[in-house]
Amino acid sequence: MTEFEFNDQLDDLMMDIEDAIEEIDTDIDYENSAGILTLSFENGSQIILSRQGALGQLWMAAQSGGFHFDFDDEQDKWICDSNSEEFVALLNKCASAQAGEVVLLELK
């Protein structure tokens, strides 16, 4: 994946996350600045998503830990390099834990 493709794909992913947050009833605020998407929850906790262009990875920092994702071309998904979980599933799991209720972000 070229640097342009990497950035384009992550721009689309972050916009999809913002759109999905707007569609749910859970109170999650978000801010997208300089390629970093910060999700803020009512209890003051955050999930931070950042792109690591030099490594070609998407990083997620949550209360439960830090996760690094590589893009799997065959599956057309971001996959965690430590536990092989798919990004959206792990994001929903972490967001649910931090929100104190089930969060189901449905991404395009």
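The values are calculated or read from the model by the stated rules, or taken from the named source; none is laboratory data. It should be emphasised that the depicted structure is a prediction, and the values quoted were computed from it without experimental measurement. Every residue, glycine as well, gets a Cβ built from its backbone with ideal geometry; the counts of neighbours run over all protein chains shown.
Among the listed residues Glu22, Glu3, identify the single one that is acidic (Asp, Glu), loosely packed, with under 13 Cβ neighbours inside 10 Å and either in contact (Cβ under 8 Å) with a residue 12 or more places away in the chain or in contact with a Leu (Cβ under 6 Å, 6 or more places away or on another chain) (or both). Going through Glu22, Glu3 in turn, the sole match is Glu3. Asp16: in contact with a Lys or Arg (Cβ under 9 Å, 6 or more places away or on another chain) and in contact (Cβ under 8 Å) with a residue 60 or more places away in the chain, yes or no? It is true that Asp16 is in contact with a Lys or Arg (Cβ under 9 Å, 6 or more places away or on another chain) and in contact (Cβ under 8 Å) with a residue 60 or more places away in the chain. For segment 21-41, a residue qualifies if it is part of a loop (DSSP other than H, G, I, E, B) and either modelled with pLDDT of 95 or more or within 14 Å of Leu10 (Cα to Cα) (or both), and the qualifying residues are Ala34, Gly35.
Any residue at all in segment 44-57 that's among the β-branched types (Val, Ile, Thr), out of contact with any helix residue (DSSP H, G or I) (no Cβ under 6 Å at 6 or more places or on another chain), surrounded by fewer than 18 Cβ atoms within 10 Å (Cβ to Cβ) and in a loop (DSSP other than H, G, I, E, B)? No; the residues of segment 44-57 include none that is among the β-branched types (Val, Ile, Thr), out of contact with any helix residue (DSSP H, G or I) (no Cβ under 6 Å at 6 or more places or on another chain), surrounded by fewer than 18 Cβ atoms within 10 Å (Cβ to Cβ) and in a loop (DSSP other than H, G, I, E, B).
With respect to Asn83, is the statement that it is in contact with a Leu (Cβ under 9 Å, 6 or more places away or on another chain) and assigned to a loop (DSSP other than H, G, I, E, B) true? Yes, satisfied.
Do we have Phe69 as in a strand (DSSP E or B) and either of a type outside the set (A, V, I, L, M) or surrounded by fewer than 12 Cβ atoms within 10 Å (Cβ to Cβ) (or both) here? Taking the combined requirement at face value, the residue satisfies it.
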